[in-house]
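Right, one structure below, let's go through it.
The values are calculated or read from the model by the stated rules, or taken from the named source; none is laboratory data. Computed from a predicted model, the values in this text were never measured in an experiment. Note: accessible area is taken over every heavy atom of the protein model, side chains too, but ligands, DNA and RNA are not part of it. Shrake-Rupley method; radii C 1.70, N 1.55, O 1.52, S 1.80 Å.
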Amino acid sequence: MQPTVVAYNEPGRTPLPDVGTLVAVCDGADLLSTTDQGTFLAAIDKDPVAVITNSLDSGLLEAVRARLERGGSNTAPGKIVLMVDKVIAEYSRALDGKDHELADHFVALRPGAGDGGSNWTITDLRATMQKIIRRDVFGLGKYLRTGTGTRTFAVKSGRDRETLTPQVGAYVIEQGLSQHTASTIRKICEEMLMNAIYDAPRAAGRPVPGDAQSRGNVELAPNDQAVLEIGYDGDVVAIGIRDPFGLFQRNQFFQYARKVLHRTNSDEILDKKSEGAGIGLMTLYFNSHGLVCNVAPGKATEVIALIDTRMKSRDFEKVARSIHYFTAPNTGVSAK
């Protein structure tokens, strides 16, 4: 029996992608799509694995969340995928500040390509739904067009900060993208490497020098090494890093995201920077159109930053962003 996905297209709001697109992105599940609220709520009793909606009615979402948590046929409550056409400060106010309690995933809803939505919206929604339906959450390639090649780099020591950051910048230039985009990617890469080499191992109880001047000498044990990956499909640059610890928790992820997304000036973050994964994560999010965190508890954490190269990167604070936290099912995962 196939799982079920329910889509509720609330009248009067920027519409969801058309039904044909929703059927395609939900491949492997039965889709029930409606614009009627009563039909929508009744469909939740079918215990869907996911709900897709554009509604910003906090009362409705609370009722949906409660019904999903009462469901019993799935191994975990169904996920709420909220399609947003506003920046977080706006939709958070509409949801009484409970956005991250009421929804599990936020997909930037951008019009385009007829009624199907923009390439960003369709690709991100497809990746989200397939990860939920197939319970396979890891992999940067899920956010790129099928067949897109990527480059991977082993992260073994503190010295890799000096060598890998320029390499990913050079990769971006090789793709014909701008120096500004390359600079943004280098900034993101630096933060990812800082976390993988210093912050994550320290959180796992590994000995890491406290003296910044000696950090270049940090050597990661073979089982503690990370993998950096980057790819570009003609529209989206995706850069991600995976460590073998799996310690990053959902509440931390959304707490940091909320801090940066309610600000409008990155200098407020960067000028007060101190050590720790939280500030690094905020830097990543401020400089990207989407952020994805995949976690297999105690086994692996993968953080992926996504940049839509068709949009002006200097307008990050003015556009809706995607944000996702996935927990891998307890079926084993490799950090390679």
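Computed quantities for the displayed model
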{"quantity": "Tail beyond 26 Å, pair distance distribution of the chain (Cα, percent)", "calculated": "47 percent"}
{"quantity": "Carbon and sulfur %, accessible surface of segment 127-245 computed with the full protein complex present, 1.4 Å", "calculated": "47 percent"}
{"quantity": "Calculated P(r) of segment 73-158 - Cα pairs past 16 Å, %", "calculated": "65 percent"}
{"quantity": "Over 30 Å between alpha carbons, listed pairs LYS86/LYS131; LYS86/LYS156; LYS156/LYS318; LYS86/LYS142; LYS259/LYS312; LYS46/LYS259", "calculated": "LYS86/LYS156; LYS156/LYS318; LYS46/LYS259"}
{"quantity": "Accessible area in the full protein assembly, largest first, 1.4 Å probe, for PHE248, PHE253", "calculated": "PHE248, PHE253"}
{"quantity": "Amide H within-cut-off set for ILE80, under 5 Å, with H built and near neighbours excluded", "calculated": "VAL51, ASP104, HIS105"}
{"quantity": "DSSP bridge pairs, the chain: antiparallel proportion in percent, nearest 5", "calculated": "55 percent"}
{"quantity": "Accessible area per residue, Å², the chain with all protein chains present, probe 1.4 Å", "calculated": "43 Å²"}
{"quantity": "Segment 1-53 shape via C-alpha gyration tensor axes, a/c threshold 1.5", "calculated": "oblate"}
{"quantity": "Rounded if a/c under 1.5, otherwise prolate or oblate - segment 1-97, Cα gyration tensor axes", "calculated": "oblate"}
{"quantity": "Calculated from backbone phi, Karplus (6.51, -1.76, 1.60) coupling profile of segment 32-40 in Hz, x at Gly/Pro", "calculated": "10, 10, 8, 10, 9, 5, x, 4, 4"}
{"quantity": "Derived scalar couplings ³J(HN,Hα) [segment 323-328; Karplus, 6.51 cos²θ - 1.76 cosθ + 1.60; whole Hz; x for Gly, Pro]", "calculated": "8, 9, 10, 10, 9, 6"}
{"quantity": "Between helix 179-194 and the chain: long-axis angle, C-alpha atoms, 0 to 90°, nearest 10", "calculated": "80 degrees"}
{"quantity": "Carbon/sulfur fraction of accessible area - segment 1-63, other protein chains in place, 1.4 Å, %", "calculated": "51 percent"}
{"quantity": "Calculated on alpha-carbon atoms, Rg and Dmax of segment 60-106 in Å", "calculated": "11.6, 35"}
{"quantity": "For segment 167-209, fraction of C-alpha pairs farther apart than 12 Å, in %", "calculated": "61 percent"}
{"quantity": "Crossing angle, helix 119-134 versus the chain [Cα axis fit, 0-90 degrees, rounded to tens]", "calculated": "80 degrees"}
